[in-house]
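Reading through the C-alpha cells given below for one structure.
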Amino acid sequence: MSALTEPWRISTTGVSIALRVTPRGGRDGVDGIEQLSDGRSVLKVRVRAVADGGEANRAVLALLAKSLRVPKASVSLVSGATARLKQVAIEGDPARLVQALRELAPVKSTDKGN
C-alpha cells in the first residue's frame, strides 16, 4: 500500500502527533505528511525560529495551536525537545482535532474516487 498513514493518534483527551521539525525553515508552516525510512509517518513542520534555548519548540507549539484553533495551553511537547522528531499532545475534542489535521495536511492516497 503506497498511501501514507496519518501521523496522529487519538487519545481520550485529544490527539498525539508525530512531527519532523525544520528550524530556521524560512517561514512558519505545515508542509504535509512524510513517511520516514522506517515506515513511520510524521507531520512536517517548519518554523523561522532557531533551535536554541527552546525557541523552535515554542514556535512549533504556537504554530500548531494557531493552525488547529486551540489555546496555546492545550498544546504540549511530549518528547523530542532537542531532536527533529517530536511527539506533541493536543488537548481537545479528538474528532474536531482530527478533522482539522486532515484539512491542514491531507493524506495523499492513490485513490482517485474523491
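The values are calculated or read from the model by the stated rules, or taken from the named source; none is laboratory data. What you are looking at is a predicted structure, and each value in this text was computed from that prediction instead of being measured. Cβ sites come from the backbone with ideal geometry, for glycine too, and all protein chains shown count toward neighbours. To get the accessible areas, we keep the full protein, side chains included, count just its heavy atoms, and leave off ligands, DNA and RNA. Shrake-Rupley method; radii C 1.70, N 1.55, O 1.52, S 1.80 Å.
Observations, loosely collected:
- Beta carbons closer than 6 Å, at least 6 apart along the sequence or on distinct chains, pair a first residue in segment 41-65 that is over 16 Å from residue 101 (Cα atoms) with a second that is open to solvent by 50 Å² or more (accessible area, probe 1.4 Å) and of a type in the set (A, V, I, L, M) for 57/77.
- Selection over segment 40-55 of residues that are under 11 Å from residue 28 (Cα atoms), open to solvent by less than 50 Å² (accessible area, probe 1.4 Å) and assigned to a loop (DSSP other than H, G, I, E, B) gives a count of 2.
Conditions (1) surrounded by 21 or more Cβ atoms within 10 Å (Cβ to Cβ); (2) in a strand (DSSP E or B), marked per residue:
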{"position": "6", "(1), (2)": "no, no"}
{"position": "17", "(1), (2)": "yes, yes"}
{"position": "24", "(1), (2)": "no, no"}
{"position": "31", "(1), (2)": "no, yes"}
{"position": "38", "(1), (2)": "no, no"}
{"position": "57", "(1), (2)": "no, no"}
{"position": "82", "(1), (2)": "no, no"}
{"position": "87", "(1), (2)": "no, yes"}
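- Being open to solvent by 80 Å² or more (accessible area, probe 1.4 Å), assigned to a helix (DSSP H, G or I) and touching an Asp or Glu at 6+ places or on another chain (Cβ under 8 Å) is not true of residue 96.
- Contacts under 6 angstrom Cβ, first residue in segment 78-107 being more than 21 Å from residue 51 (Cβ to Cβ), partner of a type in the set (A, V, I, L, M, F, W, C) and in a loop (DSSP other than H, G, I, E, B), 6 or more apart: 92/70; 107/4
- Residue count for segment 59-80 satisfying the condition of being among the polar types (S, T, N, Q) and either open to solvent by 80 Å² or more (accessible area, probe 1.4 Å) or more than 19 Å from residue 95 (Cα to Cα) (or both): 1.
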